[in-house]
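Written below as structure tokens is the structure these notes are about.
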Amino acid sequence: MAIDTSYFASDLAAMIADLPCVAQFGATSFNCAASNLEESEALLLTGNDSGAAIRIVFPVTAFTVTSAFKPQARLSLKFPVLTTFTNYEIVTIAKSPDAIGYEVVLKADNRRT
């Protein structure tokens, strides 16, 4: 018997509506929900700057994931209160067990190019 995942999909859509953020990967923009990592996780990734590590979630239908979407790639985020995008580096990518969404951990990206 297959599990009906429509509830999970609507739950993810509600999360994105509650914590909206726009992500941009290359020329593709998509909506996601962003949240800060726990302090211990952020410290591990970014040293003493605990505000520079973020976790985003988005539906698998947001865009077609390519082989370029991998750790160390650059992803830009625009939060609702900001007018510009901020660059982040992908640390990890995980597809949810229900295959509805992706969870991506990001850290600040200070590379010039």
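Every read-out reported here was derived from the displayed coordinates using simple, explicitly stated rules and does not represent laboratory data. Predicted model, so just to flag it, every value in this text is computed and none were measured. With ideal geometry, Cβ positions are generated from the backbone for all residues, glycine too; neighbour counts draw on all protein chains shown.
Odds and ends about this structure:
- Shape of the range 66-113, Cα gyration tensor, a/c cut at 1.5: oblate
- Modelled FRET efficiency - R0 35 Å, residue 87 with residue 7, Cβ distances, 0.05 increments: 0.50
- Backbone N within the range 84-113 under 18 Å of label point (7 Å from residue 74 Cα along the Cβ vector): 84-92, 106-113
- Taking 7 Å steps out from each Cα toward its Cβ at residue 27 and residue 99 produces label points 3.0 nm apart.
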